[in-house]
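Asker: Handing you a structure now.
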Amino acid sequence: MSEGERLTELAKRRGFYFPAAGAYGGAAGFWTYGPQGAALKSNVEDAWRDRFVVREGHQEISAPDVMPEPVFEASGHLDGFDDMIIECAECGATHRADHLVEDNTDIEEAESLPNEEVMDIIADHDIACPSCHASLAGEPVDNFNLMFETNIGPGTSSPGYLRPETAQGIFVEFPQLSEYARNQLPFGVAQIGKAYRNEISPRKSLVRVREFTQAELEHFVDPEEDEPPLSEVEDVILPLYSAESQQADDGGVEHLTVGEAVADGVVTSDWVAYYLGVAKGWYERIGVDMDRFRFRQHLPGELAHYASDCWDAEAEIDGDWIEITGFAYRGDYDLEKHAEHSGEDFTVFKQYDEPVTVERPTVDPDMSYLGPEFGGDAQTVADALEALAERNPEAFDGDEVTVEVDGDSFTVPVAETNFSVEEVTENGEHVRPHVVEPSFGVGRLVYTVLAHAYTEDEVDGEERTYLDLPPEQAPTTVGVFPLMDKDGMADYAREIAGALREAGHSVTYDDSGAIGRRYRRQDEIGTPYCVTVDYESLEEDTVTLRERDSTDQKRVSIDGLAETLERLTEGETTFDAL
Ligand code: GAP
């Protein structure tokens, strides 16, 4: 059994996750988190919120899942959020063409190749349809938009889309959010919420699904002035697989500190480097195995339409590298597009310390000349002259000036433009912030943490499976058992379970079956500690406390048990030190 299959079997049996709506045959790409999975997911989200929102001093919002079409026209998703699809002429099944190439050749990241090249590779390798095994050679490779479309209200006049990334819910609200931040850059806005993509081929349980949770941070910065607190992470060692290494014959992962990666220009954005450093420590905290982890830079053809640079955090499972987070430098792409499409102001006014006097080139074109000369184009020519004066005042140095409008050239005598340079006093300027975006897929994190925690060993001659989840992440902190359901042991154990819940611990009470089986059940869901109430408990007010990984047991007082468990789960003490 592969690692993924083993995990999916355990996940279903023990209540982590399972295919949704099974009673009706289900729908590929939709999963329900069971009690253990929902608790684990929520612990991962809490840990993310703690590290990327609270400790960074950012704000969190919650925007709608459905947004009107103009949002996605502006963001570029309507036109460009496509994957490559190929349809089998024999059985009609559709497949993701780039994945077929990756699965059947040595080519990695086929997504970065043009459609025609992917079509040629499919033909050259005579790649067959995975469903019916007919040849796919010669079948066209098309673009398929991944957004789920819906109608807002009755009728079809107001199309809307389920958001394919939570980020757009932050970008469209920028004017309002900027006010909340008192128009002071830099500031960060985060969101944990659902995103939806109509994936062509959902696969590997939680890895490629059609509805998933993202935890995204949009950090708005002044590209001229703001710098990240790099010194806080400069010594963190990053396993970096750069685009250059990926393209070189002998390239591999380089281990550089954040400081070295920036100094050597391997990571070009200081902000991206900062977040790689912060995230590395966080992945370790939630239980990602650092021996199965790397940061991989996107190849040029692989970059999303909005990104100028992007590094993915990837975790290895079953020999495959799975993208768990994207760290993108989005520049001002999104804010510029939303400003252009909505007509609203998506800038921040930056007040100068002192007013400054600047030279401002202006034009005041003579319309009584432009009108007869250029007819219907006169106003566009006037606008183009104004833009040119701002951009390149030297163009007005001669007797004539030429502007390009929609591919046509218009030449105007400089005298008719009334070009002049005025001195004006300015108190500040409008800055369009750049965006640095760490974007985490929560389901993939849950999957990775579970896969990396899965451990098999032998206890008392018997095989055992357990999840060595960090105590802080485990869905259940403590299992409480009576040794036997008699002589008041069960009542006492229930009382202890209640007191531990009252103290804020996540507790499972279990009195069914042999004690060894109860331990195994908790081991399999990663419960770090178990408490057993026995005869001695009734006489001495003590219990046995058992640690999951070592299976060692200690006798501890019931008085102070809740605090002991808290110190253990928070890492303030160790089981050995008790
Ligand atoms: N706002 C940027 C953005 O959405 P992305 O790389 O497309 O970037 C970010 O997605 C993260 O969301 C990925 O790193 C991955 O963890 C997760 N993700 C993306 N598509 C997914 C899918 N179909 N199923 C599960 N998780 C997905």
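The values are calculated or read from the model by the stated rules, or taken from the named source; none is laboratory data. These figures come from a predicted structure and were not determined experimentally. Cβ sites come from the backbone with ideal geometry, for glycine too, and all protein chains shown count toward neighbours. Keep in mind that these areas ignore ligands, DNA and RNA; they rest on the heavy atoms of the full protein, side chains included. Shrake-Rupley method; radii C 1.70, N 1.55, O 1.52, S 1.80 Å.
Asker: Name the residue that is least open to solvent (accessible area, probe 1.4 Å), counting only residues in segment 187-209 that are under 19 Å from Phe72 (Cβ atoms), in a loop (DSSP other than H, G, I, E, B) and near the ligand (Cβ under 9 Å from one of its atoms).
Answerer: Among them, the one singled out is Glu199.
Asker: Within segment 307-344, take every residue that is more than 15 Å from the ligand (Cβ to nearest atom) and in a helix (DSSP H, G or I) and give me the one that is surrounded by the fewest Cβ atoms within 10 Å (Cβ to Cβ).
Answerer: Ranking the candidates gives Glu340 first.
Asker: Quick one: Gln297 ticks every box in (1) within 12 Å of the ligand (Cβ to nearest atom); (2) modelled with pLDDT of 95 or more except a single one, so which number is it?
Answerer: (1)
Asker: Would you check if Val236 is open to solvent by less than 10 Å² (accessible area, probe 1.4 Å), more than 10 Å from the ligand (Cβ to nearest atom) and at pLDDT 95 or above?
Answerer: So Val236 does not fit the description; no.
Asker: How many of the residues in segment 62-97 are of a type in the set (S, T, N, Q) and surrounded by fewer than 15 Cβ atoms within 10 Å (Cβ to Cβ)?
Answerer: Within segment 62-97, residues that are of a type in the set (S, T, N, Q) and surrounded by fewer than 15 Cβ atoms within 10 Å (Cβ to Cβ) number 1.
Asker: Go through (1) open to solvent by 10 Å² or more (accessible area, probe 1.4 Å); (2) away from the ligand (no atom under 16 Å from the Cβ); (3) outside any strand (DSSP E or B) and name the single condition Ala474 misses.
Answerer: (1)
Asker: Right, next: Could you please give the count of residues in segment 210-233 that are among the aliphatic types (A, V, I, L, M), under 23 Å from Glu429 (Cβ atoms) and within 16 Å of the ligand (Cβ to nearest atom)?
Answerer: Residues in segment 210-233 being among the aliphatic types (A, V, I, L, M), under 23 Å from Glu429 (Cβ atoms) and within 16 Å of the ligand (Cβ to nearest atom): 0 in total.
Asker: Right, next: Of all residues in segment 98-149, which are open to solvent by 50 Å² or more (accessible area, probe 1.4 Å) and among the hydroxyl-bearing types (Ser, Thr, Tyr)?
Answerer: Ser131, Ser135 - these are the residues of segment 98-149 that are open to solvent by 50 Å² or more (accessible area, probe 1.4 Å) and among the hydroxyl-bearing types (Ser, Thr, Tyr).
Asker: Then there is this: Using beta carbons and a limit of 9 Å, which pairs, at least six apart or on different chains, have the first residue in segment 188-201 and over 28 Å from Pro130 (Cα atoms) and the second one open to solvent by 30 Å² or more (accessible area, probe 1.4 Å) and small (Gly, Ala, Ser)?
Answerer: These pairs meet every condition: Gly188/Gly57; Gln191/Ser62; Ile192/Ser62; Gly193/Ser62.
Asker: Does any residue in segment 478-496 that is farther than 22 Å from Arg520 by Cβ and touching a residue at least 24 places away in the same chain (Cβ under 8 Å) come within less than 6 Å, Cβ to Cβ, of a residue that is β-branched (Val, Ile, Thr) and open to solvent by less than 40 Å² (accessible area, probe 1.4 Å) six or more places away or on a different chain, and which pairs are these?
Answerer: Tyr492/Val533
Asker: Condition test on Gln184, is it within 16 Å of the ligand (Cβ to nearest atom) and not in a helix (DSSP H, G or I)?
Answerer: no
Asker: Do the conditions hold for Asp249, that is, is it modelled with pLDDT under 95, out of contact with any His (no Cβ under 8 Å at 6 or more places or on another chain) and either part of a strand (DSSP E or B) or open to solvent by 40 Å² or more (accessible area, probe 1.4 Å) (or both)?
Answerer: Yes, satisfied.
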